[in-house]
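Structure record follows, encoded as structure tokens.
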Amino acid sequence: MIRRPAPWHVPLVAAFPVAFLLAQNLGEAEPGEAVPGLLVTMAAALGAWAAGWAAFRSSRRGALVASGLVALTFAYGPTVRWLGGMGPAGQGLGRHRYLLPAWVLLAAVLVWGVARLREARLDPGTRWLNAASVILVVVNVVPVIAQTADGAGDVDRAIEEIRTAVPPRAGPPGPDIFYLVFDRYGGLEALEEEFGFDNTPFVKELERRGFSVATESRANYPSTYLSLASSLNMAYLDPLSGALGPGSRDREPLDRLIRDHGVGRFLKARGYRYIHIGSWWEPTSRSPLADRSARYGGLSEFSQVLLDQTAVAPVVRALAPDLDVRRREYQRVQFQFDQVETAAASPEATFVFGHLLVPHGPYVFHADGSFRAHRLRKGREQSFVEQLRYVNGRILKMIDRVLAASDDPVIILQGDEGPFNGSGEWSRATASDALREFSILNAYHLPGTGKPVDPGMSPVNTFRLVLRRYLGSRVGLLPDRSYAPSRPDDYYTFLDVTELLSGPGLGGAAVR
């Protein structure tokens, strides 16, 4: 009796898109983030297999249909992007009203073809799919496992060195502290250089409310990962350079430093209640340190990207508009502002950290706060400026409510980086590139001191200053420097671009 091959390619074909997406985002997504998408994809594939098995009375025919449908479903998103890159004609063909019916037709042809497939072809087809699916999954899983295990001890030590740069010490709390990071909110120079937008009226309004604005502030690093890992731990990231070595793109250590950070540990030791206002971006979506996490519902970043690859995404958006990523981000930002105001009424000493992904895209706000349904119909520049105008007005309303509800709080408004979309090769960057990327909003409401902050103070010193002024810490300030990865594929070999930001070219920049 001839032993026929079991069609175990179905779960592997279902696992491949998830494993591929994870492998393509090594260091940016943790393996655990892939589990929900993997379970849903597996369940759908196995359900399709069961349905096909029942319809054809053949497990192998049902498996071929299931694997083919999974492949078709996940080929939809890449096809839309490919057509979009072919100019107006391709963009027209890539519209869902045309492409979805074509995909339904292809699925029907697939089912018809499998139904007519001769019995003699089922065995070799099953063997081929079994072998191919194993190879595809293994090729994508091995790098994930290798990176997870590589140099773990050295990385752990480097993380702890950064996290304890200012060790926690017990003692009484001070005033409420609000640390609010607005993604890609540039300083006056960056906004003028990038968009020709004068943000001086907003700065004046902040000053009228008692803020001291560091008008010449520069980010310490040109990415949210690096910037927040540094500011939330009051330290530069040099130890990771040695632990990870040249050529590393592993951002998982930065993720750990953002979730479980030195600032939170210090303030928790001083009796603060930590309220974390999360974003959709995984590193700031939640914190294990928080006493309360306020996070607007919806899919994780990884799950959203995975869904967007499929033919299911446009159907979901049509049937449930509130699940549309743009509509959800519009609601999320409003939710975050509301949560900051609610936290101000807490009777306990409170530390609030919020990461708001505005004025960074997607551009979902008109200047009056109404929803922008279309992506870039007005162009990036006008869309950014309109969103910024809304954010400015909403920040001022939030500040007024926080000041009314909380007794002389410390409020920090800060950009993580400027609005420029990055110079991948910083060794070739111009002074203009650097200014647009590193010039940031950095404003402080520091009650009771009467001392303005230094105009050039950078985020690495934000909490060193706050701890000195309000919590009796003797921690010193660090030199205000700016560093950039030497290349996109060498994330932890840093170039010192401080002098570039003050005028001279980058030639001869020191490597940290």
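The values are calculated or read from the model by the stated rules, or taken from the named source; none is laboratory data. In this text, all values refer to a predicted model and were calculated from it rather than measured experimentally. For neighbour counting, all protein chains shown are included, and Cβ atoms are generated from backbone atoms with ideal geometry for every residue, glycine included. Note: accessible area is taken over every heavy atom of the protein model, side chains too, but ligands, DNA and RNA are not part of it. Shrake-Rupley method; radii C 1.70, N 1.55, O 1.52, S 1.80 Å.
Running Debye on the range 126-259 with equal point scatterers at the Cα sites and no solvent, what base-10 log of I(q)/I(0) appears at q = 0.19 Å⁻¹?
Debye output, listed in q order: -1.15.
What are the residues whose amide H is under 5 Å from the amide H of Ala294, where those residues sit 5 or more places off or on another chain and H is modelled from the backbone?
Long-range HN contacts for Ala294: His276, Ile277, Gly278.
Calculate the all-directions average of the projected area of the range 1-70's alpha-carbon convex hull, and give it in nm².
For the range 1-70, the mean projected area of the Cα convex hull comes to 5.4 nm².
For q values of 0.20 Å⁻¹, compute log₁₀ I(q)/I(0) with the Debye formula on a Cα-only model of the range 303-344, without solvent.
Debye intensities relative to I(0), on a log10 scale: -0.65.
Which is farthest toward the positive dipole end of the chain among Thr126, Ser58, Ala19, measuring Cα position about the Cα centre, with Cβ charges +1 (Lys, Arg) and -1 (Asp, Glu)?
Towards the positive end, the residue furthest out is Ser58.
Could you give each residue of the range 274-284 its phi-based ³J(HN,Hα) in whole Hz, using Karplus coefficients 6.51, -1.76, 1.60 with θ = phi - 60°, and x for Gly or Pro?
9, 10, 9, 9, x, 10, 7, 5, 4, x, 10
Going through the range 396-462, which GluC sites (Glu not before Pro) have at most 14 other Cβ atoms within 10 Å and a DSSP loop state?
Listed in order of number, the matching sites are Glu425.
Calculate what fraction, in whole %, of the accessible area of the range 265-351 sits on carbon and sulfur atoms when a 1.4 Å probe is rolled over the protein chains.
56 percent
Over the range 274-419, with the other protein chains present, what is the accessible area per residue in square angstrom, probe 1.4 angstrom?
With all protein chains present, the range 274-419 gives 38 Å² per residue.
What does DSSP give for the chain in terms of the percent of beta bridges that are antiparallel, rounded to the nearest 5?
Antiparallel bridges make up about 40 percent of those DSSP assigns within the chain.
Please state the shape class of the range 414-469: rounded when a/c is under 1.5, otherwise prolate if a/b exceeds b/c and oblate if not, all from the C-alpha gyration tensor.
Note, shape of the range 414-469 comes out prolate.
If the only charges are +1 at each Lys and Arg Cβ and -1 at each Asp and Glu Cβ, what is the size of the charge dipole of the chain around the Cα centre, to the nearest 20 debye?
1920 debye
Given axes a ≥ b ≥ c from the Cα gyration tensor, I'd like to know whether the range 355-455 is rounded (a/c under 1.5), prolate (a/b larger than b/c) or oblate.
Oblate, because a/c is 1.5 or more while a/b does not exceed b/c.
Which whole DSSP H helices in the chain pass both tests: a Cα extent of 27 Å or more along the axis and a mean Kyte-Doolittle value no lower than -0.5?
Going by DSSP H runs, the hits are 35-56, 59-84, 96-116, 119-149, 380-405.
How large is the dipole of the range 283-359 about the Cα centre if only Lys and Arg carry +1 and Asp and Glu carry -1, each at its Cβ, rounded to the nearest 20 debye?
180 debye
Could you tell me the largest-minus-smallest coordinate of the C-alpha atoms of the chain on each of the three principal axes, in descending order and whole angstroms?
If we take the Cα atoms of the chain, the spans are 88, 52, 50 Å.
Give the peptides 36-47, 214-225 in descending order of average Cβ contacts within 10 Å, highest first.
Highest to lowest by the protection proxy: 214-225, 36-47.
Is the C-alpha gyration tensor of the range 276-397 telling us rounded, prolate or oblate? Criteria: a/c under 1.5 is rounded; beyond that, a/b larger than b/c is prolate, otherwise oblate.
oblate
Could you work out what % of the accessible surface of the range 416-457 is carbon and sulfur, using a 1.4 angstrom probe and leaving DNA, RNA and ligands out of the count?
Looking at the range 416-457 in its full context, I get 48 percent from C and S.
In whole Å, what are the extents of the range 444-506 along the principal axes defined by its C-alpha atoms, from largest to smallest?
On the principal axes, the range 444-506 reaches 44, 24, 18 Å in Cα extent.
Among 59-69, 237-247, 355-365, how do they line up by average Cβ neighbours within 10 Å per residue, starting with the highest?
59-69, 355-365, 237-247
Could you point to the residue in Gly476, Leu110, Pro253 farthest towards the positive end of the chain's charge dipole, with +1 and -1 charges on the Cβ of Lys/Arg and Asp/Glu respectively?
Ranked along the dipole, the leading option is Leu110.
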